[in-house]
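Asker: Below you will find the structure I want to go over with you.
The values are calculated or read from the model by the stated rules, or taken from the named source; none is laboratory data. Computed from a predicted model, the values in this text were never measured in an experiment. Cβ atoms come from the backbone with ideal geometry, glycine included; neighbour counts cover every protein chain shown.
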Amino acid sequence: MDPGITDLTASVMAIITSYASIGAKEMIKSAGKDIYEKAKSLYAVLKKRLAGDEAAEHALAGFEKDPELFKSPLEEILKKKLNQDIDLFNELSEFINVMGPILNVVQTIEKADGVVGVETEEINRGKLSVNQKAAEAKNMVGVTVKRIG
C-alpha cells in the first residue's frame with residue numbers, strides 16, 4: 001500500500017473518529033469550534049463521496065453508532081477507495097492540509113511527578129491542546145515550546 005494513502009487514511013480516521021466519538025460539545029471544548037466545523041465538513045464529504053457503495057454506506061452507518069467497532073472496516077474501505085480514486089485522494093488531502101496538524105493530549109494521573117504534556121522545539125501551525133488532571137502533582141508542565149510560528 002502506498003505510504004501516502006496509509007498516512008492520509010490515518011489522518012482522516014483520527015479526525016472523524018474524534019468527531020464521531022466525543023460529540024460536538026466535547027470536541028469544541030478540546031479542539032475548538034473551527035476544528036469541529038472542519039471535521040464535520042470532512043465527514044460530510046467522505047459520506048457523500050462514498051454514497052452508492054453498499055459496503056461503505058454500511059460501514060459509515062455503523063461507524064456513526066459505534067465508531068470503535070466500525071473503525072477498522074471503514075478504514076480498509078477508505079484505503080481501497082483512495083487507491084482507486086485520485087480525486088478523492090486530492091480532496092481529502094486538501095482538507096487535512098487546511099486543518100493543519102492537531103495534537104490533543106489528555107493526561108489523567110493519580111500521582112504525578114515530572115510529567116510533561118508536550119515538549120517541543122517548534123510549532124509552526126495547527127492546533128495544540130493539553131488537558132491534565134492529577135489528584136496529587138509535583139513538577140507538572142502542560143506545554144513547553146521554544147518557538148511558535
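Asker: Checking I15 against (1) modelled with pLDDT of 85 or more; (2) part of a helix (DSSP H, G or I); (3) among the aliphatic types (A, V, I, L, M); (4) within 30 Å of A134 (Cβ to Cβ): exactly one of these is not met. Which one?
Answerer: It fails just one condition, (1).
Asker: Can you tell me which residues in region 92-115 are modelled with pLDDT of 90 or more and either buried (at least 16 other Cβ atoms within 10 Å of the Cβ) or in contact with a Pro (Cβ under 6 Å, 6 or more places away or on another chain) (or both)?
Answerer: Matches in region 92-115: L92, S93, V115.
Asker: While we're here: Report, by residue number, each residue of region 116-149 that is modelled with pLDDT of 90 or more and basic (K, R).
Answerer: Of everything in region 116-149, just one residue is modelled with pLDDT of 90 or more and basic (K, R), namely K138.
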